[in-house]
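The values are calculated or read from the model by the stated rules, or taken from the named source; none is laboratory data. Remember, predicted model here, so these are calculated numbers, not experimental data. Glycine gets a Cβ as well: all are built from the backbone with ideal geometry, and neighbour counts include every protein chain shown.
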Amino acid sequence: MNKNLRTVRLGETIGILGGGQLGRMTAMAAKQMGYRVVCLDPQPNSPCGQVCDLQIVGSFDDYSAARELALQSDVLVYEFESISAAVVAELEQEFHVPQGSRLLEITQNRIKEKAHLLQSGFPVVPYRVVGSSAELAQAAAELGYPVVLKSAIGGYDGKGQAVLTSPADLAGVAVSGPVVLEKFLALKGEVSVVVARGANGECAAFPVGENVHRGNILHTTVVPARLSASLEKQATQLALCIADSLGAVGLLAVEMFVTEGGIIINELAPRPHNSGHYTLGACYTSQFEQFVRAVCGLPLGPTTLLYPAVMVNILGEHIAALMPRIASLPPEVKVHLYGKSGAPVPRRKMGHLLLRSDAPDETVAWVEEMLGIGGNRES
């Protein structure tokens with residue numbers, strides 16, 4: 001019998017590898033359902049640890065610390081990709097880790113992720129894998145400028161990325177290992193779909209979210225996405241098929257580009273996703289409750305959108321403007337802060353706002369004015 005098919009009963013313990021805001025909101029959903037929760041994070045009093053029954057302080061590549069967590073848990077999950085896939089591979093030999101190490105190993109490495117998508121027949125941005133400056137120059141010429149250079153590992157929120165517009169830009173680039181070079185595409189927009197999948201193959205997709213980025217960090221998500229019915233169906237079906245192709249258990253967020261030719265896959269994330277935060281209020285089942293349901297072997301909940309909504313990220317540079325206004329915000333504005341310690345750091349995600357809205361552009365403009373956000377938005 002597949003051990004991943006076991007049901008983790010209410011009252012048992014979920015162990016979370018990671019202590020960030022995604023773990024925090026997962027833990028809050030799990031506690032509400034009646035589970036105990038413990039987590040592992042190197043930072044004492046982490047956002048997740050603040051709401052858990054116990055936090056173990058240790059690094060994500062420390063197998064002994066991870067095993068200590070596992071010994072106190074009935075099921076183990078990871079809440080983001082900066083977890084050692086080797087540690088997870090070791091843990092799954094002895095403990096119940098339904099997400100598994102294969103999904104993590106593929107999605108934390110752009111080269112492996114793109115290879116899987118391409119081999120499985122999914123539409124991806126034209127790209128090359130390059131390992132030297134000479135290969136970079138040749139690949140850029142083949143793809144045609146402009147191109148985007150991306151690190152194979154990491155690069156979250158745009159880190160490790162550079163746009164090269166001409167051969168002159170190659171002079172300032174040093175290639176010290178395998179990296180990904182992508183064709184720069186003219187986009188009509190960006191969307192994402194969060195899919196839940198159980199070990200029994202049951203799948204459920206959340207509504208398509210329409211995303212806007214600032215400085216490569218997600219700024220807003222609007223639901224329902226302003227897409228044609230055919231593109232909405234295409235995005236949802238692609239996300240469901242990708243989850244099946246990976247045998248994913250838990251959640252898989254699929255980020256996509258909208259182009260003149262249709263939908264193209266950008267990136268995958270094997271866990272709750274920033275663009276799915278609107279579900280925490282605007283959907284019958286939140287992505288965090290759904291994550292718990294999927295990894296614990298429970299039936300998946302309805303993903304029905306209850307009302308049109310806008311999610312706006314709150315970064316460190318927005319906190320000073322937001323805090324004095326919280327008491328006077330309209331009651332329909334939901335404020336979610338993540339409990340991150342220390343002085344707010346620019347570009348660090350500190351929370352988000354959720355607003356019910358039939359007029360997303362006006363709503364975003366109102367929030368931006370309140371937070372003192374100016375300038376052009378990136379699509």
note = Subset of region 299-318, residues in contact with a Leu (Cβ under 9 Å, 6 or more places away or on another chain), among the aliphatic types (A, V, I, L, M) and either without any contact (Cβ under 8 Å) to a residue 60 or more places away in the chain or over 16 Å from Met370 (Cβ atoms) (or both), comes to Ala309, Ile314
query = If we keep just the residues of region 85-128 that are out of contact with any helix residue (DSSP H, G or I) (no Cβ under 6 Å at 6 or more places or on another chain) and of a type in the set (Val, Ile, Thr), which is surrounded by the most Cβ atoms within 10 Å (Cβ to Cβ)?
reply = Val125
remark   = Going through region 223-275 in order, the residues found to be closer than 19 Å to Gly301 by Cα and among the aliphatic types (A, V, I, L, M) are Val223, Ala239, Leu240, Ala243, Ala248, Val249, Leu251, Leu252, Ala253
query = From the set of residues in region 308-366 that are among the hydroxyl-bearing types (Ser, Thr, Tyr) and under 22 Å from Val191 (Cβ atoms), which is surrounded by the most Cβ atoms within 10 Å (Cβ to Cβ)?
reply = Thr363
Boolean, Val364 is closer than 20 Å to Leu280 by Cα, among the hydrophobic types (A, V, I, L, M, F, W, C) and in contact (Cβ under 8 Å) with a residue 60 or more places away in the chain = yes
task = Please state which one of Thr303, Thr285 is touching a strand residue (DSSP E or B) at 6+ places or on another chain (Cβ under 7 Å), among the β-branched types (Val, Ile, Thr) and at pLDDT 95 or above.
result = Thr303
query = Which condition breaks for Ala70 when tested against (1) among the small types (Gly, Ala, Ser); (2) part of a loop (DSSP other than H, G, I, E, B); (3) free of Cβ contacts under 8 Å to residues at least 60 places away in the same chain?
reply = (2)
query = Say we look at region 234-279 and pick out the residues that are more than 17 Å from the chain's Cα centre (by Cα) and in a strand (DSSP E or B); which of these is surrounded by the most Cβ atoms within 10 Å (Cβ to Cβ)?
reply = Ile263
query = Which is farther than 19 Å from His273 by Cβ, at pLDDT below 95 and either assigned by TED's automatic domain parsing to the domain that holds Thr220 or part of a strand (DSSP E or B) (or both), of Ala365, Ala320, Ala343?
reply = Ala343
ask   = surrounded by fewer than 18 Cβ atoms within 10 Å (Cβ to Cβ) and not β-branched (Val, Ile, Thr): does that describe Ser192?
value = no
query = Within region 197-215, is there a residue that is within 21 Å of the chain's Cα centre (by Cα), over 19 Å from Leu252 (Cα atoms), in the same structural domain as Val312 (by TED's automatic domain parsing) and loosely packed, with under 15 Cβ neighbours inside 10 Å?
reply = yes
